[in-house]
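Input: one structure, supplied below.
Derivation of every value follows stated rules applied to the coordinates shown; laboratory data play no part. No experiment lies behind these values; they were computed from the predicted model shown. Counting neighbours? That spans all protein chains shown, and the Cβs are built from the backbone with ideal geometry, glycine included.
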Amino acid sequence: MTKILIIYTGGTIGMMTDPKTKALKPINFEQIMDNVPELERLNCQIEVRSFDKIIDSSNMNPDIWGELATIIESYYDRVDGFVILHGSDTMAFTSSALSFMLENLAKPVIFTGSQLPISAIRTDAKENLMTAIEITSSMKDGRALVPEVGIYFDYKLFRGNRAFKYNSSKFEAFRSPNYPVLVESGVHLRFSENYIRKPNNEPFKVHKNLVNDIAVLKLYPGMSAKVAENILHSDVRGIVMETFGAGNTTTDAWFIDILKGAIDGGKVILDISQCKVGAVELGKYETSSQLKDMGVASGFDMTYEAAITKMMFVLGQEQDQQKINRLLEQDLRGELTWY
Ligand code: ASP
């Protein structure tokens, strides 16, 4: 029998409407279990760890990612996989962060949650939870079929650092346009084995040093020099710059000067696109050719969530600007397609 650890952090899946305020607020895991008697009938052994403080995922932060990583580390040799119940709002940030923190992962770490509370009549929580457990416990020749961090939602398993929440009202809350779905659930579970990461048999290692000394600059036509300067010259180590199309910025001299000044001052700039599909291609247009020479790192087709958490992770690993840039541009956990 496979052994699964469920880690309950919170989210809509475990919320109930407060009769007084009518707002959704968290319930404990026992109350969740009461709504899913089917859990008892599963052909696997389930243990549950509930966070002391159950949270709406908008309150998620790197310290809590560290707590999650610590729990996974302490159970790693005792269980076959992990299912993490988490709010959908920041699920893609946590799954991306965990993908970087858990090096040489050989067991499934599957995030799920729901758009409706588990007690609601039309809830999506039961299917999400039951199938996430089934995928996590799926084995072939004694090995996990999905030995990576994933998000299971609405009949699909996505790579955790490739997905993002794109819809706050449909059950189909997540998408992963730059990487194929790993598992599709219908009458059968269809595993796309070619797209699932293979474990490399190196020892499992957990990294908890994340540096959140970062900022984001989202470009728009009409941005003033004052705004660009405030962010690019702020007192942080790394900046994720959300650019136009294939990684382009204005070529106006004032902007290039501010950007160059930031890099010369030691900051790391990671260029990702505001487009959700496709990739940054530095040098494709005149409006991005000087960025590469200046020392801007290309984020290729990384999601915003992957870029933010990778920046925090890499800043925790390296001090040297060039080495940081190299790591940012490298595919560390299947988070980018290198062009
Ligand atoms: N606000 C909730 C959360 O992220 C939404 C959800 O769970 O879907 O915790």
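Scan region 151-175 residue by residue and report those that are within 15 Å of the ligand (Cβ to nearest atom), surrounded by 20 or more Cβ atoms within 10 Å (Cβ to Cβ) and either in a loop (DSSP other than H, G, I, E, B) or on the phi > 0 side of the Ramachandran plot (or both).
Ala163, Ala173, listed by residue number.
Using the structure shown, decide if Asn178 is surrounded by fewer than 15 Cβ atoms within 10 Å (Cβ to Cβ) and either part of a strand (DSSP E or B) or not acidic (Asp, Glu) (or both).
Working: surrounded by fewer than 15 Cβ atoms within 10 Å (Cβ to Cβ): no; either part of a strand (DSSP E or B) or not acidic (Asp, Glu) (or both): yes.
No.
Sticking with this structure for a sec: State which residue is farthest from the ligand (Cβ to nearest atom) when the search covers only region 106-122 and only residues that are in a loop (DSSP other than H, G, I, E, B) and touching a residue at least 60 places away in the same chain (Cβ under 8 Å). If you could, list the steps in order and put the result at the bottom.
Going residue by residue through region 106-122, those that are in a loop (DSSP other than H, G, I, E, B) are 106-108, 113-122.
From what's left, touching a residue at least 60 places away in the same chain (Cβ under 8 Å): 106, 113-119.
Numbers: Ala106: 29, Gly113: 5, Ser114: 7, Gln115: 6, Leu116: 9, Pro117: 9, Ile118: 11, Ser119: 14 Å.
Among those residues, the one meeting the criterion is Ala106.
Does Ile72 count as touching a Phe, Trp or Tyr at 6+ places or on another chain (Cβ under 8 Å) and of a type in the set (A, V, I, L, M)?
When the stated conditions are applied, Ile72 passes them.
Would you point out which residue out of Val79, Val83, Val48 is more than 13 Å from the ligand (Cβ to nearest atom), over 27 Å from Lys198 (Cβ atoms) and in contact (Cβ under 8 Å) with a residue 12 or more places away in the chain? Outline the logic, then answer.
Details: Val79 fails: over 27 Å from Lys198 (Cβ atoms); Val83 fails: over 27 Å from Lys198 (Cβ atoms).
That would be Val48, the only listed residue that is more than 13 Å from the ligand (Cβ to nearest atom), over 27 Å from Lys198 (Cβ atoms) and in contact (Cβ under 8 Å) with a residue 12 or more places away in the chain.
Does Tyr285 qualify as being among the aromatic types (Phe, Trp, Tyr) and under 26 Å from Thr94 (Cα atoms)?
Values: among the aromatic types (Phe, Trp, Tyr): yes; under 26 Å from Thr94 (Cα atoms): no.
No, not satisfied.
Can you find, within region 303-333, the residue that is surrounded by the most Cβ atoms within 10 Å (Cβ to Cβ) among those that are among the β-branched types (Val, Ile, Thr) and within 25 Å of Lys165 (Cβ to Cβ)?
Here is the first cut: in region 303-333, the ones among the β-branched types (Val, Ile, Thr) are 303, 308-309, 314, 324.
Next, from what is left, pick out any that are within 25 Å of Lys165 (Cβ to Cβ): 303, 308-309, 314.
Values: Thr303: 26, Ile308: 21, Thr309: 29, Val314: 24.
In this case the residue turns out to be Thr309.
Output the residue which, of all residues in region 18-34 that are within 16 Å of the ligand (Cβ to nearest atom) and more than 28 Å from the chain's Cα centre (by Cα), is nearest to Ile133 (Cα to Cα).
Asp18
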